[in-house]
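> There's a structure below that I have some questions on.
Nothing in this text is a laboratory measurement; each read-out follows from the coordinates by a stated rule. The model shown is predicted, which means the values in this text are computed figures rather than measured ones. So basically every Cβ, Gly included, is an ideal-geometry build from the backbone, and we count neighbours across all protein chains shown.
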Amino acid sequence: MNRVYSRFAPFLLALLALLPVSTVAQAKSEAAPAQAPLLLRNPSLSQDRIAFLYADDIWTVSRQGGEAQRLTSDGEVYAGPFYSPDGAWIAYSAHLNGNTDAYVIPATGGVPRRITWHPDGSQVLGWSPDGKDVLISSGAISYRHFLRLFRVHADGSGVPEPLPLPAAFQGSFSPDGQSIAYEPYTKWQPAWKRYVGGQTSPIWIVNLKTLDLVKVPRENSNDSNPVWVGGQVYFLSDRDSTGKNNGPVTLYRYDTKSQQVSQVVANDGLDMKSFQAGPASGAPALVVEQFGRILLLDPATGAATPIQISIHGELAKLAPHRVNLSAEEIQSASLSPSGARAVLEAHGEIFTVPGEKGDTRNLTQTSGVAERDPAWSPDGKTIAYFSDASGEYQLYLHDQTGFKAPTVIDLGPEPSYFYGPAWSPD
């Protein structure tokens, strides 16, 4: 919004509240039938069940697979789920009542209990080993791009207690609760493949009493999602056999005694996105998310078993509907040369809105396609933006009235990512 003059803010928000985004919702609805992959995310493991995120709600299913049962119904779950150590509770973050907060709910279903209240929001990361506290990250007492970790009582009593770390993102307690494995900072774009810049993410281990620090060995790889199991810290990494980030994201482990890193399972396919550990007979089991599927993995043998899951039920959030596009959902904006209208990017669509009187125009109306970075031409007739309609980003020049088909400019045969178009003065 910093690119839109302040006098435009009131009418932009008022008009955006009326913008129809049924095309966006329809695109999601088309992916709802039970076809592989189902886009199942963030799995967590108990003694006999798997909890996961689908359509921004929590569902649970038997560890053998089958028909999933929905646990939440608001369609606003933001982080989680995480089973408590005894499997009796599930912790998660949800955007409800105008804020993102931490909640716990009985694993068999029931009334959720809100346990955080700070307006900066809270992202659930897991549990303390004794099951009394939930681990969260928040910018409540720091600049929001440098989050800190907190313990908050699962019964909702008291206030969150910050851990003695200046900044941290993901984290997992050691079995005795004396240490924590964590990511010291966030990365602005975690899905950037083979990223080698200054935000490649390490995993550090710190003793919470002595503050002695151990850094998991790496050579500029992107490491994430630490999970402490026994004397080992499991994590996801894009490192290859040489330690550099040249491979698909797969599962590794760091032995805290030998201080050596080893690969848990070979991965010649798509990235693994998240995982959690859970109880099993004899040895811990791991549940892994890979390209919308859920796999049950034996870390001793590296054997991964896909879990067949079916989902049925009313998915109201995936039906065509209108939403209130808040200022946070406006990704970029530009004024027309006369100042009579503004062009906005929101939900992957390009809209123009009037300064005082006129209609709101959706120039693109392309659900399932991402349009980015609109820029108004100096003569006021054309809007430039990027679109991935072809599968790779191309430059589009669109008549600002919306009546004419856009002109498409191919930016070359090699796949790349473009951003920030700017017009010359003429």
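> Could you please report the charge total around residue 193, scoring K, R as +1 and D, E as -1 over all other residues with beta-carbon less than 9 angstrom from its beta-carbon?
-1
> Say R0 is 35 Å: what FRET efficiency, to the nearest 0.05, do residue 319 and residue 422 get from their beta-carbon distance?
After rounding, the FRET efficiency stands at 0.35.
> Report the extension gain between residue 357 and residue 141 in nm, rounded to one decimal, defined as 0.36 nm multiplied by the number of residues separating them, less their alpha carbon distance.
Value of the extension gain: 73.5 nm.
> Label residue 73 and residue 258 with points 7 Å out from Cα along Cα→Cβ: what is the distance between them in nm?
Label at residue 73, label at residue 258, 5.1 nm between them.
> Here is a follow-up. Output the relative contact order of the chain, whole-number percent, from Cα pairs under 8 angstrom with separation of 6+ residues.
This gives 13 percent for the chain.
> What distance in nm separates the simple spin-label points at residue 153 and residue 64, each placed 7 Å from Cα in the Cβ direction?
4.1 nm
> Also: In what sequence, highest mean first, do 255-267, 97-109 appear when ranked by Cβ atoms within 10 angstrom?
Ranked from most to least packed, the peptides come out as 97-109, 255-267.
> A further question on this structure: For the chain, what is the mean residue ellipticity at 222 nm derived from helices alone (per DSSP H run of n ≥ 4: -39500 (n - 2.57); sum divided by total residues; nearest 500 deg cm²/dmol)?
Value at 222 nm, helices only, nearest 500: -1000 deg cm²/dmol.
> Okay, next question. When Lys and Arg each count +1 and Asp and Glu each count -1, what net charge do the other residues less than 14 Å away from residue 107, Cβ to Cβ, add up to?
With Lys, Arg at +1 and Asp, Glu at -1, the neighbours total +2.
> Can you tell me the FRET efficiency between residue 242 and residue 210 if r is taken as the Cβ-Cβ distance and R0 is 45 Å, rounded to the nearest 0.05?
Step by step, r from the Cβ atoms, then E = 0.85.
> Taking the Cβ-Cβ separation of residue 188 and residue 301 as r and a Förster radius of 30 Å, what is the calculated FRET efficiency to the nearest 0.05?
0.20
> Zone of residue 389 (label point 7 Å along Cα→Cβ, backbone N under 19 Å): which residues in segment 349-375?
Answer for segment 349-375: 349-352, 361-375.
> Tell me, how many Å apart are the Cα centres for segment 117-194 and for segment 353-416?
Distance between centres, Cα-based: 40 Å.
> Right, something else. Output the peptides 287-295, 161-169 sorted from most to least packed, where packing is the average of other Cβ atoms within 10 Å over each peptide's residues.
Those peptides, ordered most packed to least, come out 287-295, 161-169.
> Same structure, new question: Looking at segment 34-313, how many pairs of lysines come closer than 18 Å at the Cα, when each pair is eight or more places apart or spans two chains?
Taking the Cα cut-off of 18 Å, the pair count is 7.
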